[in-house]
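Below: the structure, in structure tokens.
Just so it is clear, none of the values below were taken in a lab; they were calculated from the coordinates. Not measured: the values here are computed from a predicted model. Cβ placement follows ideal geometry from the backbone for every residue including glycine, while neighbour counts extend to all protein chains displayed.
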């Protein structure tokens, strides 16, 4: 039943998107309008177009929503696979299942992280320029400082804590072992 409905929804959504469908709908409205004087602009004449368009709209909502749900799920699955296959953070996989508040909090954290990176980048460039270096060299120096910044602060870029067991970053080790980092907390040790 669900597969049959899916096929019907695809076919209707595909047909509804064609220009010929729009032209046909316009012709129906034009024929209806031309028939108005012959029907004496009666209540029945008005009821025909009102009822017809209401029924079609009502049914199309469900068909198009079904198509959109499947298309959205397919896009999410593809994006999730791209994230898993890339060096991107796997914490993004499945965020479409979070509540609106959780997604908003996630987005805010990403924006805050981007702001910190931008601030560090600008600081590193200005610091390199202050030494009198040309723009191109100042940019390269800033990139090196940013890489150091990430290596200190981004868990996946940090060297694995036990160099005797594994030589490389935490991210490389997780990738090689086929593991996914789901959540972590950063703790700073020192005098408060």
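Here are a few things to note about the model shown:
One line per residue, one yes/no per condition, for (1) surrounded by 13 or more Cβ atoms within 10 Å (Cβ to Cβ); (2) without any contact (Cβ under 8 Å) to a residue 12 or more places away in the chain; (3) touching a helix residue (DSSP H, G or I) at 6+ places or on another chain (Cβ under 7 Å); (4) in a helix (DSSP H, G or I):
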{"residue": "40", "(1), (2), (3), (4)": "no, yes, no, no"}
{"residue": "46", "(1), (2), (3), (4)": "yes, yes, no, yes"}
{"residue": "51", "(1), (2), (3), (4)": "no, yes, no, yes"}
{"residue": "68", "(1), (2), (3), (4)": "no, yes, no, yes"}
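- Selection within segment 95-149 - closer than 28 Å to residue 81 by Cα and outside any helix (DSSP H, G or I): 98, 99
- Across segment 15-26, the number of residues qualifying as touching a helix residue (DSSP H, G or I) at 6+ places or on another chain (Cβ under 8 Å) and surrounded by 12 or more Cβ atoms within 10 Å (Cβ to Cβ) comes to 2.
- Taking the numbered list (1) closer than 30 Å to residue 182 by Cα; (2) touching a residue at least 24 places away in the same chain (Cβ under 8 Å); (3) touching a helix residue (DSSP H, G or I) at 6+ places or on another chain (Cβ under 6 Å) in turn, residue 12 passes all entries but (1).
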